[in-house]
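Throughout, read-outs are computed from the coordinates displayed, never taken from laboratory work. Note that the structure is predicted; figures quoted are calculated from it, not measured. Glycine gets a Cβ as well: all are built from the backbone with ideal geometry, and neighbour counts include every protein chain shown.
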Amino acid sequence: MGGMGEKGKSHMYELVDEAVCKRYRLDCSSTLKTVCSMLKEKEEISTQFTLVGSGARNMVTKNGNGPFDLDYNLEIIKAPDQYWEDLRFLKDTIRRFLDRAAGLQCFSNSSDSTSCLTAMLHFKDEPRVEFSFDVAILARNRNGNLCRLIHNKNAWGYGQDQYVWNEIPNSCDVAKKAKRIKEEGRWIDVRCQYVNLKNLYLSRPWDKEHPSFILYIEAVNNVYNQLFYQ
C-alpha cells in the first residue's frame, strides 16, 4: 500500500513506541475513573473500565503520521432495571458523564458511533486530531461472553435507531489463551497477527465492525488455534 500523493495517501499501520503512549494512558485513566465514580454516585450504576486490545498489550498502532488511539471497555456490572430496559437511555447517560469528565482533561465532547463513544484531543488552535480514545459499553451474558452495546443508526430506514447487545464470540477465555501463548514463547506471533489484521481491515474502509479490541481477540484466537489445533 502507498505510492499515492500526500493527500489521500494510503499508509500502513505500524507499532507506536510505549513511551509515547504513557501520558495519554494516564489522562484516559483519570477520565474514566471520574466517569465510574459519577455513575455510581449519581445513577447507582456499578462499572469497571479496562484498557483493552492493543493498548493493554503494548501493541498500539498508528497509520503513517496520523494520530493513534486507545481502546477501553466500560463494563456494566450492576444497574437499575430502567437502564437494562432502555439501552438508549443507558448509552446517553454514560455519554453525558463521559463528556463532563473528558472536558476536565481538555478532550472534546464524545461522538457516538455504532459500537463506541469516541473522545478526541486536538492540537492547540488546530482542527487536526492529536489523539483519541474509544469507550465501548459492555456487559456479560449468561455464558460469560462479553456483549457490546451496539447503536444501529436508522436501522429500518425510517429514521429509527436500534440499540442492542451484540455478543463477542470466544471472548470469555481470551485471557487464558493469551497466557498459554506467552508460555509457549510465541507472543511475537500475536503482535504480527494483530498488525496484519489492522492492515487487512484498513483495505476495507466499508468494514466498521472491527475495532482494535475485536482484532486483538481475533489475533489471539488465530495464533492459539495454530499452536494447539493444527
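Take the Cβ-Cβ distance between Glu130 and Gln226 as r, set R0 to 30 Å, and report the resulting FRET efficiency rounded to the nearest 0.05. The partial results should precede the final answer.
Numbers: r = 37 Å, r/R0 = 1.24.
Calculated transfer efficiency: 0.20.
If each of Ser46 and Ser203 carries a label point 7 Å out from its Cα toward its Cβ, how far apart are those two points in nm?
Between Ser46 and Ser203, the label points sit 4.7 nm apart.
Across segment 175-183, in residue order, what do the Karplus-derived ³J(HN,Hα) couplings come to in whole Hz, using 6.51 cos²θ - 1.76 cosθ + 1.60 with θ = phi - 60° and x for Gly and Pro?
Each residue's phi maps through the Karplus curve to give 5, 5, 5, 4, 4, 4, 4, 5, 4 Hz.
Along its principal axes, what span do the Cα atoms of segment 74-144 show, with the longest given first and each in whole Å?
Here the Cα extents, ordered largest to smallest, are 47, 22, 18 Å.
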